[in-house]
Amino acid sequence: MIRFGIDLGGTKTEIVALGDQGQVLLRRRVATAPAYEGVVRGIAGLVAAARAELGAGGSVGVGIPGSISPSTGLVRGANSTWLNGGRLGEDLAAALGQPVRLSNDANCLAMSEAADGAGAGFGTVFAVILGTGVGAGIVRDGRIVEGRNRVAGEWGHNPLPWMTAAEFPGPACWCGHRGCIETFLCGPALAAAADGPGARDASGLPGRADAAAVGALARHAGQLARALAHVVNLLDPDCIVLGGGLSNMAHLYEAVPGLMARWVFADAVTTPLLRAAHGDSSGVFGAARLWD
(Lines give C-alpha, C1' and ligand atoms only; values in the text may rest on other atoms or scores of the structure.)
Protein backbone atom coordinates (compact mmCIF):
# COMPACT_ATOMS: atom_id res chain seq x y z
CA MET A 1 0.00 0.00 0.00
CA ILE A 2 1.16 3.52 -0.78
CA ARG A 3 1.82 5.77 2.20
CA PHE A 4 1.54 9.51 1.58
CA GLY A 5 3.36 11.85 3.93
CA ILE A 6 2.91 15.61 4.16
CA ASP A 7 5.33 17.97 5.88
CA LEU A 8 3.50 21.23 6.54
CA GLY A 9 6.11 23.93 7.05
CA GLY A 10 5.84 27.66 7.51
CA THR A 11 7.12 28.41 4.01
CA LYS A 12 6.88 25.11 2.10
CA THR A 13 4.67 22.04 2.07
CA GLU A 14 6.12 18.76 0.84
CA ILE A 15 4.49 15.48 -0.11
CA VAL A 16 6.16 12.10 -0.47
CA ALA A 17 4.70 8.77 -1.54
CA LEU A 18 6.38 5.66 -0.17
CA GLY A 19 5.94 2.17 -1.60
CA ASP A 20 5.65 -1.14 0.23
CA GLN A 21 9.41 -1.35 0.79
CA GLY A 22 9.79 2.30 1.77
CA GLN A 23 10.94 3.35 -1.69
CA VAL A 24 10.17 6.90 -2.80
CA LEU A 25 7.59 6.88 -5.57
CA LEU A 26 6.96 10.63 -5.77
CA ARG A 27 8.04 13.89 -4.14
CA ARG A 28 6.75 17.43 -4.60
CA ARG A 29 7.14 20.78 -2.82
CA VAL A 30 4.95 23.85 -3.03
CA ALA A 31 4.78 27.14 -1.16
CA THR A 32 2.63 27.07 1.98
CA ALA A 33 -0.34 29.39 1.91
CA PRO A 34 -0.26 31.76 4.92
CA ALA A 35 -3.95 31.15 5.69
CA TYR A 36 -5.87 28.23 7.16
CA GLU A 37 -8.21 27.59 4.23
CA GLY A 38 -5.28 27.83 1.83
CA VAL A 39 -3.39 25.18 3.79
CA VAL A 40 -6.34 22.76 3.58
CA ARG A 41 -6.76 23.38 -0.15
CA GLY A 42 -3.03 23.08 -0.76
CA ILE A 43 -2.69 19.73 0.98
CA ALA A 44 -5.83 18.39 -0.69
CA GLY A 45 -4.46 19.45 -4.06
CA LEU A 46 -1.09 17.80 -3.47
CA VAL A 47 -2.70 14.51 -2.49
CA ALA A 48 -5.16 14.59 -5.38
CA ALA A 49 -2.37 15.22 -7.88
CA ALA A 50 -0.23 12.46 -6.38
CA ARG A 51 -3.09 9.98 -6.51
CA ALA A 52 -3.71 10.84 -10.16
CA GLU A 53 -0.05 10.53 -11.10
CA LEU A 54 0.42 7.18 -9.35
CA GLY A 55 -3.01 5.84 -10.23
CA ALA A 56 -3.63 4.77 -6.64
CA GLY A 57 -4.55 6.11 -3.23
CA GLY A 58 -3.11 5.29 0.14
CA SER A 59 -2.85 6.34 3.77
CA VAL A 60 -2.15 10.00 4.56
CA GLY A 61 -0.08 11.29 7.47
CA VAL A 62 0.65 14.97 8.10
CA GLY A 63 3.37 16.57 10.19
CA ILE A 64 2.36 19.98 11.52
CA PRO A 65 4.23 22.75 13.38
CA GLY A 66 2.08 22.37 16.47
CA SER A 67 -0.10 19.71 18.09
CA ILE A 68 -3.73 18.67 18.40
CA SER A 69 -5.32 19.28 21.77
CA PRO A 70 -6.78 16.04 23.17
CA SER A 71 -9.37 18.18 24.97
CA THR A 72 -10.72 20.19 22.04
CA GLY A 73 -9.38 18.56 18.87
CA LEU A 74 -8.05 21.96 17.79
CA VAL A 75 -4.55 22.86 16.60
CA ARG A 76 -2.54 24.67 19.26
CA GLY A 77 1.03 25.82 19.77
CA ALA A 78 1.77 26.31 16.05
CA ASN A 79 4.26 29.03 15.18
CA SER A 80 2.34 29.20 11.90
CA THR A 81 -0.28 30.91 14.00
CA TRP A 82 -3.04 30.84 11.38
CA LEU A 83 -3.35 27.10 12.07
CA ASN A 84 -4.16 27.57 15.76
CA GLY A 85 -7.79 26.94 16.63
CA GLY A 86 -8.52 24.97 13.46
CA ARG A 87 -9.95 21.47 13.26
CA LEU A 88 -7.24 20.53 10.79
CA GLY A 89 -7.58 16.76 11.09
CA GLU A 90 -11.33 16.88 10.47
CA ASP A 91 -11.08 19.45 7.70
CA LEU A 92 -8.37 17.51 5.86
CA ALA A 93 -10.31 14.26 6.23
CA ALA A 94 -13.36 15.94 4.71
CA ALA A 95 -11.35 17.47 1.87
CA LEU A 96 -9.59 14.17 1.08
CA GLY A 97 -12.51 11.85 1.72
CA GLN A 98 -10.50 9.58 4.03
CA PRO A 99 -9.05 9.47 7.55
CA VAL A 100 -5.86 11.44 8.15
CA ARG A 101 -3.32 11.12 10.97
CA LEU A 102 -1.57 14.23 12.25
CA SER A 103 1.41 14.64 14.53
CA ASN A 104 3.93 17.30 15.46
CA ASP A 105 6.64 17.79 12.84
CA ALA A 106 9.39 17.00 15.36
CA ASN A 107 7.61 13.74 16.19
CA CYS A 108 7.73 12.92 12.50
CA LEU A 109 11.45 13.70 12.39
CA ALA A 110 12.00 11.36 15.34
CA MET A 111 9.88 8.63 13.76
CA SER A 112 11.82 8.75 10.50
CA GLU A 113 15.27 8.85 12.07
CA ALA A 114 14.44 6.07 14.53
CA ALA A 115 13.07 3.85 11.75
CA ASP A 116 15.92 3.93 9.25
CA GLY A 117 17.99 7.03 9.92
CA ALA A 118 20.62 8.12 12.40
CA GLY A 119 18.62 6.75 15.33
CA ALA A 120 18.03 3.28 13.88
CA GLY A 121 18.86 0.58 16.43
CA PHE A 122 18.53 2.87 19.46
CA GLY A 123 15.76 2.25 21.99
CA THR A 124 14.91 5.86 22.91
CA VAL A 125 15.57 8.59 20.35
CA PHE A 126 15.31 12.29 21.17
CA ALA A 127 15.19 14.16 17.87
CA VAL A 128 15.60 17.93 17.74
CA ILE A 129 14.58 20.47 15.12
CA LEU A 130 16.98 23.44 15.08
CA GLY A 131 15.68 25.83 12.49
CA THR A 132 13.41 28.85 12.32
CA GLY A 133 11.77 27.27 15.36
CA VAL A 134 13.06 24.77 17.89
CA GLY A 135 11.29 21.61 19.01
CA ALA A 136 11.81 17.93 19.59
CA GLY A 137 10.15 14.55 19.36
CA ILE A 138 10.62 11.30 21.25
CA VAL A 139 10.43 7.77 19.87
CA ARG A 140 10.74 4.79 22.17
CA ASP A 141 10.94 1.26 20.74
CA GLY A 142 9.65 2.44 17.37
CA ARG A 143 6.62 4.36 18.68
CA ILE A 144 6.11 8.10 19.06
CA VAL A 145 5.78 9.21 22.67
CA GLU A 146 3.12 11.96 22.67
CA GLY A 147 2.19 11.97 26.37
CA ARG A 148 -1.09 12.47 28.16
CA ASN A 149 -1.37 16.09 27.01
CA ARG A 150 0.34 15.43 23.66
CA VAL A 151 3.17 17.81 24.44
CA ALA A 152 5.99 15.30 24.98
CA GLY A 153 9.14 16.72 23.43
CA GLU A 154 8.02 20.38 23.51
CA TRP A 155 11.51 21.20 24.62
CA GLY A 156 11.79 24.50 22.80
CA HIS A 157 9.26 26.14 25.11
CA ASN A 158 10.99 25.34 28.36
CA PRO A 159 13.34 28.02 29.72
CA LEU A 160 17.01 27.81 28.87
CA PRO A 161 18.55 26.03 31.89
CA TRP A 162 21.36 27.48 34.00
CA MET A 163 20.99 30.97 32.53
CA THR A 164 23.84 33.38 33.08
CA ALA A 165 23.21 36.86 34.43
CA ALA A 166 23.66 38.24 30.91
CA GLU A 167 21.03 35.84 29.52
CA PHE A 168 18.38 36.29 32.21
CA PRO A 169 15.40 36.71 31.84
CA GLY A 170 15.80 35.99 28.14
CA PRO A 171 14.07 37.31 25.02
CA ALA A 172 10.30 37.42 24.71
CA CYS A 173 8.90 34.39 22.89
CA TRP A 174 5.88 34.33 20.60
CA CYS A 175 4.30 31.82 23.03
CA GLY A 176 3.95 34.57 25.65
CA HIS A 177 6.86 33.62 27.95
CA ARG A 178 10.45 34.81 28.14
CA GLY A 179 13.69 32.90 27.89
CA CYS A 180 12.39 29.88 25.99
CA ILE A 181 15.07 27.61 24.56
CA GLU A 182 13.75 28.48 21.09
CA THR A 183 14.56 32.17 21.58
CA PHE A 184 18.24 31.33 22.11
CA LEU A 185 18.80 28.41 19.74
CA CYS A 186 16.72 29.15 16.63
CA GLY A 187 18.37 30.27 13.40
CA PRO A 188 17.17 33.90 13.54
CA ALA A 189 18.44 34.22 17.14
CA LEU A 190 21.87 32.94 16.14
CA ALA A 191 22.02 35.27 13.14
CA ALA A 192 20.98 38.23 15.27
CA ALA A 193 23.63 37.36 17.90
CA ALA A 194 26.30 37.69 15.22
CA ASP A 195 24.97 40.43 12.97
CA GLY A 196 22.52 42.40 15.08
CA PRO A 197 18.73 42.72 15.29
CA GLY A 198 16.89 41.86 12.12
CA ALA A 199 19.46 39.37 10.83
CA ARG A 200 17.77 36.08 9.92
CA ASP A 201 20.22 33.86 8.03
CA ALA A 202 22.79 31.97 10.11
CA SER A 203 23.87 29.54 7.38
CA GLY A 204 27.11 31.36 6.54
CA LEU A 205 28.35 31.86 10.11
CA PRO A 206 30.49 28.68 10.40
CA GLY A 207 32.60 29.85 7.46
CA ARG A 208 33.41 33.22 9.01
CA ALA A 209 36.45 34.01 11.16
CA ASP A 210 35.39 37.40 12.52
CA ALA A 211 34.94 37.83 16.26
CA ALA A 212 31.17 38.41 16.05
CA ALA A 213 30.54 35.12 14.25
CA VAL A 214 33.00 33.08 16.33
CA GLY A 215 31.56 34.42 19.56
CA ALA A 216 27.96 33.85 18.52
CA LEU A 217 28.67 30.25 17.47
CA ALA A 218 30.50 29.52 20.73
CA ARG A 219 27.66 30.91 22.86
CA HIS A 220 25.10 29.00 20.80
CA ALA A 221 26.99 25.70 21.25
CA GLY A 222 27.18 26.28 24.99
CA GLN A 223 23.47 27.06 25.21
CA LEU A 224 22.63 23.95 23.17
CA ALA A 225 24.82 21.86 25.46
CA ARG A 226 22.98 23.12 28.54
CA ALA A 227 19.59 22.56 26.94
CA LEU A 228 20.48 19.00 25.91
CA ALA A 229 22.08 18.21 29.28
CA HIS A 230 18.70 19.01 30.82
CA VAL A 231 17.12 16.43 28.50
CA VAL A 232 19.71 13.82 29.47
CA ASN A 233 19.05 14.45 33.15
CA LEU A 234 15.32 14.01 32.63
CA LEU A 235 14.98 11.39 29.88
CA ASP A 236 18.47 9.93 29.39
CA PRO A 237 17.81 8.95 25.75
CA ASP A 238 19.97 6.39 23.95
CA CYS A 239 20.83 9.00 21.32
CA ILE A 240 20.09 12.58 20.34
CA VAL A 241 19.54 13.41 16.66
CA LEU A 242 19.75 16.94 15.32
CA GLY A 243 17.64 18.01 12.36
CA GLY A 244 16.65 21.35 10.84
CA GLY A 245 18.83 23.86 9.04
CA LEU A 246 21.29 24.43 11.90
CA SER A 247 21.96 20.70 12.20
CA ASN A 248 24.30 21.08 9.22
CA MET A 249 26.83 23.01 11.34
CA ALA A 250 29.58 20.45 11.82
CA HIS A 251 31.14 22.12 14.85
CA LEU A 252 28.10 21.25 16.99
CA TYR A 253 28.96 17.55 16.91
CA GLU A 254 32.51 18.29 17.99
CA ALA A 255 31.84 20.89 20.68
CA VAL A 256 28.51 20.11 22.29
CA PRO A 257 29.08 16.58 23.71
CA GLY A 258 32.08 17.74 25.74
CA LEU A 259 30.28 20.89 26.92
CA MET A 260 27.30 18.82 28.13
CA ALA A 261 29.38 16.92 30.68
CA ARG A 262 29.50 19.82 33.15
CA TRP A 263 25.72 19.89 33.42
CA VAL A 264 24.74 16.19 33.33
CA PHE A 265 24.26 14.61 36.75
CA ALA A 266 26.53 11.64 36.02
CA ASP A 267 30.19 10.74 36.20
CA ALA A 268 30.38 10.27 32.42
CA VAL A 269 28.22 11.22 29.43
CA THR A 270 28.23 8.82 26.48
CA THR A 271 25.03 9.95 24.73
CA PRO A 272 25.71 10.07 20.96
CA LEU A 273 24.90 13.37 19.24
CA LEU A 274 24.04 12.53 15.63
CA ARG A 275 23.11 14.43 12.48
CA ALA A 276 19.79 13.47 10.91
CA ALA A 277 20.48 11.00 8.12
CA HIS A 278 17.54 12.12 6.00
CA GLY A 279 18.23 15.86 6.34
CA ASP A 280 15.21 18.04 5.70
CA SER A 281 13.31 15.00 4.34
CA SER A 282 13.04 13.37 7.76
CA GLY A 283 9.79 15.13 8.60
CA VAL A 284 7.94 14.10 5.46
CA PHE A 285 9.20 10.50 5.66
CA GLY A 286 8.09 10.31 9.28
CA ALA A 287 4.65 11.67 8.41
CA ALA A 288 4.23 8.86 5.89
CA ARG A 289 5.03 6.39 8.68
CA LEU A 290 2.27 7.64 11.01
CA TRP A 291 0.11 4.71 9.89
CA ASP A 292 2.81 2.09 10.50
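The values are calculated or read from the model by the stated rules, or taken from the named source; none is laboratory data. Every value quoted in this text rests on a predicted model; they were computed, and no experiment measured them. Methodologically, a virtual Cβ is constructed for each residue, glycine included, from the backbone with ideal geometry; neighbour enumeration extends over all protein chains shown.
General observations
- Filter result for the condition that a residue is farther than 24 Å from GLY22 by Cβ and either under 18 Å from the mean Cα position of the chain (by Cα) or in contact (Cβ under 8 Å) with a residue 12 or more places away in the chain (or both), over LEU290, LEU235: LEU235
- Selected residue [touching a helix residue (DSSP H, G or I) at 6+ places or on another chain (Cβ under 9 Å) and at pLDDT below 95] from GLY222, GLY244, GLY286, GLY258: GLY244
- Qualifying residue in the stretch 104-120 (condition: over 19 Å from ASP280 (Cβ atoms) and touching a helix residue (DSSP H, G or I) at 6+ places or on another chain (Cβ under 9 Å)): no
- Residue within the stretch 160-174 that is exposed (fewer than 13 other Cβ atoms within 10 Å of the Cβ) and modelled with pLDDT under 95 present: yes
- For the stretch 2-60, the tally of residues that are out of contact with any helix residue (DSSP H, G or I) (no Cβ under 9 Å at 6 or more places or on another chain), in contact (Cβ under 8 Å) with a residue 40 or more places away in the chain and among the hydrophobic types (A, V, I, L, M, F, W, C) stands at 4.
- If you go through the stretch 161-183 and pick out every residue that is touching a strand residue (DSSP E or B) at 6+ places or on another chain (Cβ under 6 Å) and either part of a strand (DSSP E or B) or in the same structural domain as ALA78 (by TED's automatic domain parsing) (or both), you end up with 2.
- Conditions (1) modelled with pLDDT under 95; (2) closer than 20 Å to ILE129 by Cβ; (3) more than 18 Å from the chain's Cα centre (by Cα); (4) not aromatic (Phe, Trp, Tyr): number failed by VAL151: (3)
- Test for GLY66: is it surrounded by 16 or more Cβ atoms within 10 Å (Cβ to Cβ), more than 15 Å from GLY9 (Cα to Cα) and either free of Cβ contacts under 8 Å to residues at least 40 places away in the same chain or in contact with a strand residue (DSSP E or B) (Cβ under 8 Å, 6 or more places away or on another chain) (or both): no
- Single unsatisfied condition, HIS157 versus (1) surrounded by fewer than 19 Cβ atoms within 10 Å (Cβ to Cβ); (2) in contact (Cβ under 8 Å) with a residue 60 or more places away in the chain: (1)
- The stretch 1-25 - residue that is surrounded by fewer than 14 Cβ atoms within 10 Å (Cβ to Cβ) and of a type in the set (Val, Ile, Thr) and, of those, farthest from ALA110 (Cα to Cα): THR11
- GLY137 in the same structural domain as THR270 (by TED's automatic domain parsing), buried (at least 22 other Cβ atoms within 10 Å of the Cβ) and in a strand (DSSP E or B): yes
- Number of the exception - ALA213 against (1) surrounded by 18 or more Cβ atoms within 10 Å (Cβ to Cβ); (2) without any contact (Cβ under 8 Å) to a residue 24 or more places away in the chain; (3) not in a helix (DSSP H, G or I): (3)
- VAL269, sole failed condition from (1) assigned to a helix (DSSP H, G or I); (2) not assigned by TED's automatic domain parsing to the domain that holds VAL62: (1)
- Meets criteria (farther than 14 Å from ASP7 by Cα and among the charged types (D, E, K, R)) for ASP91: yes
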